[in-house]
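As structure tokens, the structure follows; a few thoughts come after it.
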Amino acid sequence: MFWLRQLGADVVGYSLPEKNHPSLHGILGLPADHEADVCAAENLRGALQKARPDVVFHLAAQAIVRRSYDQPVETFASNVTGTVSLLDGVRHTPSVRAVIVVTSDKCYENNEWPWGYRENDALGGHDPYSASKAAAEIAVCAMRRSYFAPYRAGGHAARIASVRAGNVIGGGDWAQDRLVPDIIRGLANGKVDIRNPSAVRPWQHVLEPLAFYLGLAQRLYTAPEGCDTAFNLGPNEADICPVIDLAQALAQHIGGIELALPQQTEQPHEAHLLMLDCSFAKRLLGWRSRWSLRDAVAQTAAWYKAHQDGADMTAVTAAQIAEFENAAPYGKF
């Protein structure tokens with residue numbers, strides 16, 4: 001929302017009330033236009049019809065793997081029913097021309113392969129979160145084919161794409177059971193426990209996928225042929241690394257934190273190895289990553305340090321976005 005407003009867009013938000021305090025939304029003073037559940041289909045449809053948007057970005061989700069073990073019903077409801085509710089609302093809102101649905105790299109049936117998954121690989125999931133994201137992808141495809149042009153003659157004109165982004169880091173995240181927020185909270189006692197230190201993930205700064213969503217939305221709006229489909233989005237191969245490597249790099253930037261390896265042997269299952277093949281986005285849309293993992297870690301640490309020092313976080317966030325925009329060309333969208 002912050003970046004869109006900077007670009008001059010009229011933005012209307014729809015989400016549940018913020019659960020994490022502090023929150024990036026609160027720190028940046030962003031408005032709460034509609035505080036409601038995305039699964040409340042009639043309410044969501046009414047909000048869409050009132051706002052009459054041109055473009056819809058759907059990021060509402062229960063996004064924590066470990067929480068999905070404790071709250072499977074909430075997870076499937078938010079991630080699957082919520083997605084269907086959103087697309088059903090869109091098909092009753094004539095103004096919409098482009099929809100970006102954000103799912104996850106964890107939507108694939110993970111066989112622990114030492115190569116990246118492609119968009120046409122099998123969907124699946126061991127845990128409720130991963131399975132719900134796979135189901136969301138199936139739902140997006142079904143809704144697209146059933147109600148929207150060009151797949152249905154005379155269907156709604158909106159074009160729909162889904163994006164399966166790799167693990168993101170960046171300032172402003174205070175969610176539970178996420179690596180970077182756990183490390184930041186560890187400043188309070190100087191120690192943080194690292195779960196699954198050897199697990200390998202495709203790390204990228206959060207501005208990478210956000211920039212991709214913006215570019216893809218523009219393409220869907222102006223020249224959508226071939227773009228209303230699923231896309232992987234992840235870092236360069238050199239930036240795929242184990243959890244412990246990222247944790248050590250961030251701890252080194254921040255200072256004063258001891259990283260402790262897990263003592264507990266019984267933990268909920270999480271994938272050990274996960275990689276993405278992003279050649280489709282590169283080939284079709286000319287997308288290229290702009291910040292290396294080293295840059296991403298440095299920018300993340302700088303944001304939290306500025307927040308700790310009481311800086312003007314609106315100015316800090318705007319400056320990081322500007323630096324990212326100037327780092328390299330956007331690519332040929």
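Stretching Ala322 away from Asp10 to a fully extended chain increases their span by 110.3 nm, per 0.36 nm per residue minus the current alpha-carbon distance.
Amide H to amide H, with H built 1.01 Å from N, Arg159 comes under 5 Å of Ala98, Val99, counting only residues 5 or more places away or on other chains. What the Cβ-Cβ distance of Thr314 and Asp88 gives, at R0 = 25 Å and to the nearest 0.05, is a FRET efficiency of 0.10. Structural descriptor for the chain: relative contact order 18 percent, calculated from alpha carbon pairs under 8 angstrom and at least 6 residues apart. Working note: Cα atoms of the range 177-333, range along each principal axis, descending, whole Å: 52, 40, 22. Shape analysis of the range 96-152 based on the Cα gyration tensor places the equivalent ellipsoid semi-axes at 25, 12, 10 Å, largest first. Report, ordered by chain and residue number, the lysines lying within cross-link reach of Lys106, taken as a straight Cα distance under 26 Å and ignoring same-chain residues fewer than 8 apart. Candidates past the 8-residue exclusion: Lys19, Lys133, Lys282.
Spread over its residues, the convex hull of the C-alpha atoms of the range 282-333 is 70 Å³ per residue.
Put simply, when 96-103, 216-223 are sorted by average Cβ atoms within 10 angstrom per residue, most first, you get 96-103, 216-223.
Ratio of the range 82-232's C-alpha Rg to 2.2 N^0.38 Å, to two decimals?
Working: Rg = 17.8 Å, N = 151, 2.2 N^0.38 = 14.8 Å.
For the range 82-232, the normalised Cα radius of gyration comes out at 1.20.
Antiparallel beta bridges, as assigned by DSSP with both residues in the chain, represent about 15 percent of the total such bridges. Springs join every pair of Cα atoms under 10 Å in this Gaussian network model of the chain, and among Asp70, Asp88, Asp228 the largest mean-square fluctuation is at Asp70.
Rounded to the nearest Hz, the phi-derived 3J(HN,Hα) couplings of the range 206-215 under the Karplus curve 6.51 cos²θ - 1.76 cosθ + 1.60 (θ = phi - 60°) are 4, 5, 4, x, 4, 5, 5, 4, 5, x, where x marks glycine and proline.
Only one residue of Ser104, Ala238, Tyr147 has its Cα farthest out toward the positive end of the dipole of the chain, where Lys and Arg carry +1 and Asp and Glu -1 on Cβ, and that residue is Tyr147. All C-alpha to C-alpha distances of the chain, sorted into 10 Å bins beginning at zero, yield P(r) values of 5, 25, 36, 26, 7, 1, 0 percent in whole numbers. Secondary-structure-derived ellipticity at 222 nm for the chain, considering helices only, amounts to -11500 deg cm²/dmol, per-run term -39500 (n - 2.57) for DSSP H runs with n ≥ 4.
Rule-based calculations on the coordinates, nothing more; no lab input. What you are looking at is a predicted structure, and each value in this text was computed from that prediction instead of being measured. Cβ atoms come from the backbone with ideal geometry, glycine included; neighbour counts cover every protein chain shown.
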